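Presented below is the structure to which this report refers.
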Amino acid sequence: MAELLNVDDVVARIVRAMQPLSGETVPLIDALQRVLAQDVVAPADVPSFASSSMDGYAVRAGDTSGASLETPVRLRVVADIPAGVAPRMTLGAGEAARIMTGAPVPEGADAIVPVEDTSDTWRSDGSSRLSETVEVFRAVKPGDYIRPPGENLRAGETVLEQGTVLRPQDIGIIASLGLAEVPVYRRPRVAIISTGSELVEAGQPLAPGQIYNSNGPMLAALVRSAGGEAIVLPTAPDTLDAVRGCFEAALQRAPDLIISSAGVSVGTHDVVRAVVEELGEIDLWRVNVRPGKPLVYGHVRGIPYFGLPGNPVSAMVTFDLFVRPALNRLQGARQAAPPEIVAVLGEAFESDGRRSYLRVRLERSAGRWVAYSTGTQSSAALLSMVQADGLLILPEGVRHAPAGSEFPVRLLRPLALPG
Ligand code: AMP
Ligand code: MG
């Protein structure tokens with residue numbers, strides 16, 4: 001019997017086989033979770049001017065020397081500078097300009113005295129009138145409460161690197177550079193084929209012996225969660241003609257990747273393999289993993305293809321293990337480690353020596369996460385996936401994991417806060 005392939009080697013092989021798609025430009029507001037196709041470089045200093053970091057008075061620091069509550073310094077108020085307006089004046093000796101947070105510091109001034117260190121009884125509704133003079137109760141040094149130009153970013157500085165999956169703060173900083181559009185990789189178009197004569201679409205009546213197609217909608221959601229565009233084909237019964245027709249229809253939609261579920265084991269009705277062999281080429285990889293040992297990978301008329309298992313739990317786990325990295329690569333994203341924690345086993349788990357992904361609930365106890373089986377580990381029981389907080393990973397070679405031992409858990413959702 002051929003040796004089983006290591007999961008990580010298989011993932012590396014899949015990723016190597018994929019090329020990032022072309023780029024496109026999208027409005028910044030639509031760029032969340034898209035992948036940058038180029039570095040973002042600051043075109044200018046941010047901020048571009050020296051600004052006040054406090055509401056207060058712009059002064060010449062030298063004029064405030066020795067100022068205190070007991071010995072205030074009185075300055076002549078010559079201007080009122082709101083945020084958003086460049087002052088046209090130059091501050092002279094003995095002068096002060098009222099200034100708002102974020103407003104440009106006028107020529108001649110080199111420090112800000114915060115309003116609470118002055119005699120001004122500022123009212124933030126803007127109703128307080130400017131007095132002719134102001135008393136300063138505190139000496140300031142040159143540079144105090146002034147944000148210099150380029151404090152946040154220098155012109156020419158690389159702000160974000162190609163391959164970054166854009167987060168809200170990334171969108172914010174791109175906007176701060178004045179860029180309204182952003183270059184991103186195209187979303188991979190993924191055709192989703194569900195095969196099986198027993199399948200009926202949700203919303204239709206169910207005849208005896210039939211089941212609803214859960215893989216189709218679930219795989220479409222997985223594709224979207226991985227940044228792809230899902231193209232869902234109508235389910236195909238297990239006949240050569242129907243399955244061939246479904247692949248042809250998928251190819252018509254110009255996909256970047258094709259995924260099918262079911263029909264790739266050794267059952268007599270498993271016609272998917274026959275069709276893929278006819279239209280392209282297929283590899284059946286025996287991977288040292290549970291679920292997902294037979295992983296079908298190939299090409300259909302040159303388009304990369306994954307044949308996932310029919311059982312919904314297996315379909316989802318193999319998607320996360322093998323298809324998600326492929327989609328990352330197609331959209332130029334750096335591969336990211338999925339969120340994992342280390343948990344203490346609350347009960348013993350058994351495995352067959354393959355790397356196993358087992359559905360667990362996590363409970364907080366004495367400052368640690370304790371993992372319990374969700375009950376059944378049947379790969380037909382999607383409810384166990386719904387109830388699971390994560391997938392316990394038992395590494396290759398572990399057949400018995402006793403209660404109290406520690407293993408990694410790949411999180412399937414954010415962990416609930418206690419209480
Ligand atoms: P197969 O790989 O065709 O042997 O399918 C394995 C199991 O998964 C069978 O019990 C199928 O009924 C079930 N199955 C296959 N496709 C789907 C689907 N799209 N939705 C839900 N269950 C499915
Ligand atoms: Mg079947």
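The values are calculated or read from the model by the stated rules, or taken from the named source; none is laboratory data. A quick note: this is a predicted structure, and the numbers were derived from the prediction, not measured. Glycine also receives a Cβ, built like all others from the backbone with ideal geometry; neighbour counts cover every protein chain displayed. SASA here: full protein model, heavy atoms, side chains in, ligands and nucleic acids out. Shrake-Rupley method; radii C 1.70, N 1.55, O 1.52, S 1.80 Å.
If I ask for residues that are open to solvent by less than 60 Å² (accessible area, probe 1.4 Å) and among the β-branched types (Val, Ile, Thr), which ones from the stretch 149-173 would you list?
Val159, Thr164, Ile171, Ile173
Given the conditions (1) of a type in the set (Lys, Arg); (2) in contact with a helix residue (DSSP H, G or I) (Cβ under 8 Å, 6 or more places away or on another chain); (3) under 22 Å from Ala12 (Cβ atoms), which single one is not true for Arg301?
The failed condition is (3).
Given the conditions (1) surrounded by fewer than 21 Cβ atoms within 10 Å (Cβ to Cβ); (2) within 18 Å of Pro408 (Cβ to Cβ); (3) modelled with pLDDT of 95 or more; (4) among the hydrophobic types (A, V, I, L, M, F, W, C), report the number of the one that Ile303 does not fulfil.
Just one mismatch for Ile303, condition (2).
Could you give every pair whose Cβ atoms fall below 9 Å, whose first residue belongs to the stretch 205-230 and is free of Cβ contacts under 8 Å to residues at least 12 places away in the same chain and farther than 27 Å from Arg329 by Cα, and whose second residue is among the acidic types (Asp, Glu) and within 16 Å of ligand 2 (Cβ to nearest atom), counting only separations of at least 6 or pairs across chains?
Every condition considered, the pairs that remain are Gly209/Glu198.
When the residues of the stretch 191-201 are filtered to those that are within 30 Å of the chain's Cα centre (by Cα) and of a type outside the set (Ser, Thr, Tyr), which remaining residue is nearest to ligand 2 (Cβ to nearest atom)? Walk me through it before giving the result.
Let us first name the residues in the stretch 191-201 that are within 30 Å of the chain's Cα centre (by Cα), namely 191-194.
Next cut, of a type outside the set (Ser, Thr, Tyr) only: 191-193.
Working: Ala191: 19, Ile192: 16, Ile193: 13 Å.
Looking at the filtered set, the residue picked out is Ile193.
Might you let me know whether the stretch 196-217 holds any residue that is open to solvent by less than 30 Å² (accessible area, probe 1.4 Å) and either at positive phi or away from ligand 1 (no atom under 16 Å from the Cβ) (or both)?
yes
If Ala337 satisfies all but one of (1) in a strand (DSSP E or B); (2) out of contact with any Ser or Thr (no Cβ under 9 Å at 6 or more places or on another chain), what's the number of the condition it fails?
For Ala337, the exception is condition (1).
Looking for something modelled with pLDDT of 95 or more, open to solvent by 70 Å² or more (accessible area, probe 1.4 Å), farther than 30 Å from Ala58 by Cα and within 16 Å of ligand 2 (Cβ to nearest atom) - is there at least one such residue anywhere in the stretch 174-190?
Checked the stretch 174-190: no residue is modelled with pLDDT of 95 or more, open to solvent by 70 Å² or more (accessible area, probe 1.4 Å), farther than 30 Å from Ala58 by Cα and within 16 Å of ligand 2 (Cβ to nearest atom).
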